[in-house]
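Colleague: Structure in structure tokens, see below.
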Amino acid sequence: MPAILEAGDIRPNPDGQFPMLFGSTNSYFVNRGCVSVFDYRSATSEQIAASLSQCSALAMAWRGSPITCLFLSEMAQRRLVPPHTNRMTSGKIVLHVEAGHPGPIPMSDIDEILQVTVASDAWDARVERIRQARPRGAQ
């Protein structure tokens, strides 16, 4: 987040020049000069649940690292290339929730910043309960 604040915008990363915490260099939107974003506004609960198995915006937080969520202004939301609903694309995409913003997103288009940290104790307890619930002999 400090690098974004210093630059004053969120920039597309088609050449992989900026570090990526998650995602792919073969991303549909990144390869088209867009900033790839999660857009949950029109997705159903089922579509959101399915997307979490592909790529979760909270993945780093679940691993104990804080993440920063940036909420786009209505004007920036209108510029988004909407999420795809089928796999007929060239490049990786998270169906129904991954959208693209053409070009940089200036910080003036960010309405809210939310930092999220998930307590690892709660996560560790959940993992332990799942592990213990597995049938004997399961890998």
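The values are calculated or read from the model by the stated rules, or taken from the named source; none is laboratory data. As the structure is a prediction and not an experimental result, all values here were calculated from the model. Methodologically, a virtual Cβ is constructed for each residue, glycine included, from the backbone with ideal geometry; neighbour enumeration extends over all protein chains shown.
Colleague: Only residues in the range 43-72 that are at pLDDT 80 or above count as the first member; pair them with residues that are part of a helix (DSSP H, G or I), Cβ under 7 angstrom, at least 6 apart or cross-chain, and list the lot.
Modeller: Within 7 Å, the pairs are Ile67/Met60; Ile67/Ala61; Leu72/Asp109.
Colleague: Pick from the range 1-15 the residues that are under 11 Å from Pro104 (Cα atoms) and either in a strand (DSSP E or B) or more than 18 Å from the chain's Cα centre (by Cα) (or both): which of them is modelled with the lowest pLDDT?
Modeller: Filtering the range 1-15 for residues that are under 11 Å from Pro104 (Cα atoms) and either in a strand (DSSP E or B) or more than 18 Å from the chain's Cα centre (by Cα) (or both), the one modelled with the lowest pLDDT comes out as Ala7.
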